[in-house]
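Have a look at the structure below before the remarks.
The values are calculated or read from the model by the stated rules, or taken from the named source; none is laboratory data. None of the values given here were measured: they were computed from a predicted structure. Note that we place each Cβ from the backbone using ideal geometry, even for glycine, and neighbour counts take in every protein chain shown.
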Amino acid sequence: MKLEDFHYDLPEACIAQRPLENRGDSRLLVVDRETGDLNDAQFRDLARYLKVGDVLVINDSAVIPARLIGEKADTRATVEMLLLRQIETNLWECLLKKAKKVRVGTKLIFGNGLLEAVCTAEKPDGIRWMRLIHAGLFYPLLERLGEMPLPPYIHEKLDQPERYQTVYSKHRGSSAAPTAGLHFTTDHLEALKAAGIICVAITLHVGLGTFRPVTVKDVTTHKMHEEMYTVSAESATIINKAKEEGRRIVAVGTTSMRTLETVQKDGRVVAGSGMSQLFIYPGFDFQVVDALLTNFHLPASTLLMLVSAFSSRDIIMKAYQHAIASNYRFFSFGDAMFLTR
């Protein structure tokens, strides 16, 4: 399976640079994942395509202001550090730009010394383990010094950082948003519940595994970076009961889907916490998820491979070409797609 099989040409004008004024105003492309039939709709009309008893599985991870700009203590050279995941108290896995200049023992300074970071381990692909040194509580300091880690294809400043956060975000830890959930408002979720749709939360802290580009020609040799997940006993019970009764499990986003397929055993979701390194590409045997709500993804990305696995490469490419021709908005602040059957 070649990387080039998942390339497509996207006009730059299709990349959404800012969120819509109202979250629920996004468009929705409904795709029959088996036949390839397409239906243009509005996200606010999602209930038309759901059934009473469907279980909507959301990822309640919250994005932290993980992007830090500082300097090296010795040379005063500017450095950029992205917090990926917390390993233990004050020890973080980080992605460094120009990481070759950050060796074990290198000290970085942020906020004129309010926060210091010392490299304790060198990992491949620009990753370093950094020991953070600071006074007082960490997250209030991070809110002061850090920036929302917007993707590099977004060139405009985000005036309202909360728009890169789902309305149901709860557990801090993501370095990128689970963007399929950005379309929901609190009122929309309440309306779905009132219509008989069940909503359950799981957590996957979005990190390098989700947004790291694929660089190998044979995609089957790509290795996913680990991301931390938690599935509660209550959520597992609700999902398993629905499966037993033949009701649909609808994953909100690729992160929810990957988590559910990671924790399943013989088609049943097993509660617990751990690390997911699951890479889903065509040929994958799905055991839990029946429908997927997602955004439009970058060419040659693991996310595009995932949706191709859930449907087919040909159907997804057909849907993407339709979306481009119909002026859908792409990527993090873009429109949504509902893959169902």
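Filtering the range 306-338 to residues that are over 24 Å from Tyr164 (Cβ atoms) and either crowded, with 20+ Cβ neighbours inside 10 Å or basic (Lys, Arg) (or both) leaves Ser308, Phe310, Ser311, Arg313, Ile315, Ile316, Lys318, Ala319. The residues on offer are Arg23, Arg27, and the sole one that is closer than 21 Å to Gly253 by Cα, basic (Lys, Arg), surrounded by 15 or more Cβ atoms within 10 Å (Cβ to Cβ) and in contact with a strand residue (DSSP E or B) (Cβ under 7 Å, 6 or more places away or on another chain) is Arg27.
Selection of strands (runs of 3 or more DSSP E) fully inside the range 235-330 by the criterion of at least 2 residues being closer than 24 Å to Arg23 by Cβ and among the polar types (S, T, N, Q) returns 291-295. Inside the range 175-200, residues that are surrounded by fewer than 18 Cβ atoms within 10 Å (Cβ to Cβ), of a type in the set (A, V, I, L, M, F, W, C) and outside any helix (DSSP H, G or I) make up a count of 1.
Does Leu204 fit the bill of being touching a Cys at 6+ places or on another chain (Cβ under 9 Å), assigned by TED's automatic domain parsing to the domain that holds Glu261 and among the aliphatic types (A, V, I, L, M)? In short, no.
Within the range 79-103, can you find the residues that are β-branched (Val, Ile, Thr) and within 25 Å of Gly136 (Cα to Cα)? Residues satisfying the conditions are Val79, Ile87, Thr89. Suppose the filter is outside any loop (DSSP other than H, G, I, E, B) and in contact with an Asp or Glu (Cβ under 7 Å, 6 or more places away or on another chain); does Thr203 pass it? Yes.
Out of all the residues in the range 28-35, is one or more under 30 Å from Thr215 (Cα atoms), outside any loop (DSSP other than H, G, I, E, B) and outside the structural domain of Ala242 (by TED's automatic domain parsing)?
no
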